[in-house]
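Below you'll find the structure, written out as structure tokens, and then a few comments.
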Amino acid sequence: MTAGCLFIMSAPSGTGKTSLVRELINNDTNLCLSISYTSRSPRQGEVNGRDYHFVNRDVFEQMQAQGDFLESAEVYGNLYGTSQCWINDMMHSGKDIILEIDCQGAAQVRKFFPQAVGIFILPPSAKELEDRLLSRDKDSTDIIRKRLNAVREEVSHVNEFDYVIINNILENAISDFASIVRAERLKRGKQLQKQENQVLISQLTSL
Ligand code: 5GP
């Protein structure tokens, strides 16, 4: 089985990465999104198992102690983590994986998977980001303030990523992301892992 690609997607809060990633996985059956565990309470409209696995802090910390997470981090006062078991299963299935995680988590994942492809999403402007966060009305003003303060810190990690997408027009950002996925799948290393391509090369080199 050919190992899939691992994409790490990070962005400041309010950049629209959730809509972007949903569109991508709906249009590409070989791409799957890791559903993180979090100690954060669900927001209105969020569904357990679809948006996150919502668990209380005690359960999260127990899972952490058991080594259930590939990576975990505290973001805006809540705990978030990626299931190690799910990642192992998906990797064995050959699927391409997207992790939608913060920069602390991205750094931990790169230690285990240096080949992971990092994609950083930026909003079109600071004003736009501020407006998006304020109009979302999903979080308290205190949390929104925390998120705005965290933008500078998140964006300071942009150099750790391989690609940057500006999410101005959603369709364009989707197309940019899909181009990156396609290019990564076409890399020589990936192509030559495939049995059929190895056969092709050996046939062509024995002509
Ligand atoms: P939100 O609560 O707005 O859904 O997410 C807050 C932040 O937590 C975002 O920056 C998001 O990327 C990050 N996040 C979500 N899941 C994970 C995870 O599993 N690990 C890490 N490290 N960060 C995560």
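The values are calculated or read from the model by the stated rules, or taken from the named source; none is laboratory data. From a predicted model like this one, the values you see are computed outputs, not experimental measurements. Ideal geometry is used to build each Cβ from the backbone, glycine not excepted, and the neighbour counts take in all protein chains shown. With ligands, DNA and RNA removed, areas are computed over all heavy atoms of the protein, side chains included. Shrake-Rupley method; radii C 1.70, N 1.55, O 1.52, S 1.80 Å.
Results, tabulated for the structure shown:
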quantity: From Gly45, Gly67, residue being at pLDDT 95 or above and open to solvent by 30 Å² or more (accessible area, probe 1.4 Å); calculated: Gly67
quantity: From the options Arg110, Arg43, Arg57, Arg50, residue that is within 18 Å of Ala150 (Cβ to Cβ) and of a type in the set (D, E, K, R); calculated: Arg43
quantity: Within segment 78-94, tally of residues that are open to solvent by 20 Å² or more (accessible area, probe 1.4 Å), in contact (Cβ under 8 Å) with a residue 24 or more places away in the chain and more than 14 Å from the ligand (Cβ to nearest atom); calculated: 4
quantity: Subset of segment 126-149 [out of contact with any Pro (no Cβ under 7 Å at 6 or more places or on another chain) and open to solvent by less than 50 Å² (accessible area, probe 1.4 Å)]; calculated: Leu133, Asp139, Ile143, Ile144, Arg147, Leu148
quantity: Among (1) under 13 Å from the mean Cα position of the chain (by Cα); (2) crowded, with 17+ Cβ neighbours inside 10 Å; (3) within 14 Å of the ligand (Cβ to nearest atom); (4) on the phi < 0 side of the Ramachandran plot, the one test that Gly16 misses; calculated: (4)
quantity: Every residue from segment 19-33 that is open to solvent by 10 Å² or more (accessible area, probe 1.4 Å) and within 11 Å of the ligand (Cβ to nearest atom); calculated: Leu33
quantity: Lone unmet requirement of (1) open to solvent by less than 30 Å² (accessible area, probe 1.4 Å); (2) under 30 Å from Gln191 (Cα atoms); (3) of a type in the set (A, V, I, L, M) for Val75; calculated: (2)
quantity: Residue within segment 188-202 that is part of a loop (DSSP other than H, G, I, E, B) and open to solvent by 90 Å² or more (accessible area, probe 1.4 Å) present; calculated: no
